[in-house]
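Colleague: Can you keep this structure in mind? I'll have questions shortly.
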Amino acid sequence: SKPKQHDMGDLLARNGGYGGTIASMLANQPEKEKIHLTMVLRNLRYGWTLDERRVYFEWLNQAKSRSGGASYQGFIDNIRKEAVANLSEEEKLALDAKTLSPPPTIEELPTPIGPGRKWFLEELAALTKQPLQGRDFKNGKRAFAASRCIQCHRFGGLGGATGPDLTNVAGRFSYRDLEEAIVDPSKVISDQYRASVIETSAGKVITGRITSENDNTVTVLIDPVDPTKIIELAKADIEQTQPSRVSLMPKDLLNSLNEDEVLDLLAYMMSRGNPNAPLFK
């Protein structure tokens, strides 16, 4: 006759000494697939947004609470150690502080080399019709700051946070898309970053991005360069709110840059922050 089969619960119940330990491990098992992904991603140095970095390390923190045997926590620590080694200094600063490091002030920004000129979309599209190569990473990084992009956008862990993180813009935009977004930012405005025009019952008109609201109040960011410039409005005092057709992003940011600065800037933004990308060879 066939031997009697027992389910795992019956086997573990036979002896509380070893059974209880194994039962606890089975009830709190590590997520094997996610551990594999975090191990693979630990050596990915470029292309992370700061939010993605934060989620990654927060998950590793949570993973240490799982039951995975005597070597398990050391294994997770090794993944973390190797991932931290691939952080930029800017990312380390922002993540250690647990808050976004403030963007540089206007006084701290480098001055464009110039001479500047009026840049048009078709000119930019013609310059980038062929893949960029031989560009200058450091000059592109400098142009990102000199053109004031850095005050509202993060790239590679550095910069402001009132606009979208641009670290992975290469995965979402072609050169023409990127150029159009810079030259004509009001053509397509993300709902997440769209400004609102608010008219109060007292006749005051306020333009800014609504960052939060509750049943009684609305918080509005009125200066995208300075995240501390916010006002709070009582909903009872608001007459009407309409989406703005004009982007908070200025449309002439490239006009202070010369051709090399513009091309190095575009290459920098398409590099995911990798100074060894083919764009710079």
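Colleague: Any residue in segment 114-137 that is surrounded by fewer than 18 Cβ atoms within 10 Å (Cβ to Cβ) sitting within a Cβ distance under 7 Å of a residue that is polar (S, T, N, Q)? List the pairs, counting only those 6 or more apart or interchain.
Modeller: Between residues of segment 114-137 that are surrounded by fewer than 18 Cβ atoms within 10 Å (Cβ to Cβ) and residues that are polar (S, T, N, Q), the close pairs are Gly114/Ser256; Gly114/Asn258; Pro115/Asn258; Gly116/Asn255; Gly116/Ser256; Gly116/Asn258; Arg117/Asn255; Lys118/Asn255.
Colleague: Looking at this structure, is Gln240 part of a helix (DSSP H, G or I), over 15 Å from Leu265 (Cα atoms) and not hydrophobic (A, V, I, L, M, F, W, C)? Explain how you work it out, then say what you get.
Modeller: Details: part of a helix (DSSP H, G or I): no; over 15 Å from Leu265 (Cα atoms): yes; not hydrophobic (A, V, I, L, M, F, W, C): yes.
In short, no.
Colleague: Please go through segment 232-278 and pick out each residue that is over 29 Å from Leu127 (Cβ atoms), open to solvent by less than 50 Å² (accessible area, probe 1.4 Å) and of a type in the set (Val, Ile, Thr).
Modeller: The one that is over 29 Å from Leu127 (Cβ atoms), open to solvent by less than 50 Å² (accessible area, probe 1.4 Å) and of a type in the set (Val, Ile, Thr): Ile238.
Colleague: So, in segment 167-178, of the ones that are open to solvent by 50 Å² or more (accessible area, probe 1.4 Å) and in contact (Cβ under 8 Å) with a residue 24 or more places away in the chain, which residue ends up nearest to Leu263 (Cα to Cα)? Full working, then the answer.
Modeller: Step one: list which residues in segment 167-178 are open to solvent by 50 Å² or more (accessible area, probe 1.4 Å), which gives 171-174, 176-177.
Right, trim to in contact (Cβ under 8 Å) with a residue 24 or more places away in the chain and you get 171, 176.
Details: Gly171: 18, Arg176: 13 Å.
Checked segment 167-178; the qualifying residue nearest to Leu263 (Cα to Cα) is Arg176.
Colleague: Now for a separate question. Check Asn258 against each of (1) touching a residue at least 60 places away in the same chain (Cβ under 8 Å); (2) within 20 Å of Pro185 (Cβ to Cβ) and name the one condition it does not meet.
Modeller: (2)
The rows are residues; the columns are (1) within 30 Å of Glu89 (Cα to Cα); (2) charged (D, E, K, R).
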position: Thr207; (1), (2): no, no
position: Thr217; (1), (2): no, no
position: Glu232; (1), (2): no, yes
position: Glu239; (1), (2): no, yes
position: Gly273; (1), (2): yes, no
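Colleague: Looking at Ala181 and the list (1) in a loop (DSSP other than H, G, I, E, B); (2) free of Cβ contacts under 8 Å to residues at least 40 places away in the same chain; (3) surrounded by 15 or more Cβ atoms within 10 Å (Cβ to Cβ), which single condition is not satisfied?
Modeller: Of the numbered conditions (1) in a loop (DSSP other than H, G, I, E, B); (2) free of Cβ contacts under 8 Å to residues at least 40 places away in the same chain; (3) surrounded by 15 or more Cβ atoms within 10 Å (Cβ to Cβ), the odd one out for Ala181 is (1).
Colleague: For residues that are among the charged types (D, E, K, R) and modelled with pLDDT of 95 or more, scanning just segment 249-261, find the one that is farthest from Gly157 (Cα to Cα). Talk me through it step by step, then tell me what you get.
Modeller: Going through segment 249-261, the residues among the charged types (D, E, K, R) turn out to be 251-252, 259-261.
Now restrict to residues that are modelled with pLDDT of 95 or more: 259-261.
Details: Glu259: 26, Asp260: 24, Glu261: 21 Å.
So the residue we want is Glu259.
Colleague: Select, from Glu199, Glu180, Glu259, the only residue that is more than 17 Å from Thr128 (Cα to Cα) and among the acidic types (Asp, Glu).
Modeller: One residue alone meets the criteria, Glu199.
Colleague: Kindly evaluate Lys251 against the criterion of being touching a Pro at 6+ places or on another chain (Cβ under 9 Å) and of a type outside the set (Val, Ile, Thr).
Modeller: Numbers: touching a Pro at 6+ places or on another chain (Cβ under 9 Å): yes; of a type outside the set (Val, Ile, Thr): yes.
Considered against the rule, which asks whether it is touching a Pro at 6+ places or on another chain (Cβ under 9 Å) and of a type outside the set (Val, Ile, Thr), Lys251 comes out as yes.
Colleague: Restricting the search to segment 176-226, which residues are closer than 22 Å to Asp165 by Cα, of a type in the set (A, V, I, L, M) and out of contact with any strand residue (DSSP E or B) (no Cβ under 6 Å at 6 or more places or on another chain)?
Modeller: Leu178, Ala181, Ile182, Val183, Val188, Ile189, Val225
Colleague: On the basis of being surrounded by 12 or more Cβ atoms within 10 Å (Cβ to Cβ), modelled with pLDDT under 85 and farther than 27 Å from Pro278 by Cβ, does Gly9 make the cut?
Modeller: Answer is no for this residue.
Per-residue answers, yes or no, for (1) surrounded by 13 or more Cβ atoms within 10 Å (Cβ to Cβ); (2) at pLDDT 90 or above; (3) of a type in the set (A, V, I, L, M):
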residue	(1), (2), (3)
Glu33	no, no, no
Leu41	yes, yes, yes
Arg45	yes, no, no
Trp59	yes, no, no
Gly69	no, no, no
Gly74	no, no, no
Leu95	yes, no, yes
Ile106	no, no, yes
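This table checks each residue for (1) among the polar types (S, T, N, Q); (2) in contact (Cβ under 8 Å) with a residue 24 or more places away in the chain; (3) under 18 Å from Phe155 (Cβ atoms).
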| position | (1), (2), (3) |
| --- | --- |
| Arg194 | no, yes, no |
| Thr200 | yes, yes, no |
| Ile206 | no, yes, no |
| Asn214 | yes, no, no |
| Thr228 | yes, no, no |
| Asp237 | no, yes, no |
| Leu263 | no, yes, yes |
| Ala267 | no, yes, yes |
| Phe280 | no, yes, yes |
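Colleague: So is Lys229 open to solvent by 60 Å² or more (accessible area, probe 1.4 Å) and closer than 20 Å to Gly160 by Cα or not?
Modeller: Details: open to solvent by 60 Å² or more (accessible area, probe 1.4 Å): yes; closer than 20 Å to Gly160 by Cα: yes.
So Lys229 fits the description; yes.
Colleague: Still on this structure, I have one more. Would it be correct to say that Glu122 is over 15 Å from Arg272 (Cα atoms), more than 22 Å from the chain's Cα centre (by Cα) and charged (D, E, K, R)?
Modeller: Working: over 15 Å from Arg272 (Cα atoms): yes; more than 22 Å from the chain's Cα centre (by Cα): yes; charged (D, E, K, R): yes.
Yes; evaluated as a whole, the condition is true for this residue.
The values are calculated or read from the model by the stated rules, or taken from the named source; none is laboratory data. Fair warning: this is a prediction, and the values are worked out from it, not measured in the lab. Neighbour counts are summed over all protein chains in view; Cβ atoms, including those assigned to glycine, are modelled from backbone coordinates with ideal geometry. The protein model used for the area step is the full one, side chains on, heavy atoms only, and it has no ligands, DNA or RNA in it. Shrake-Rupley method; radii C 1.70, N 1.55, O 1.52, S 1.80 Å.
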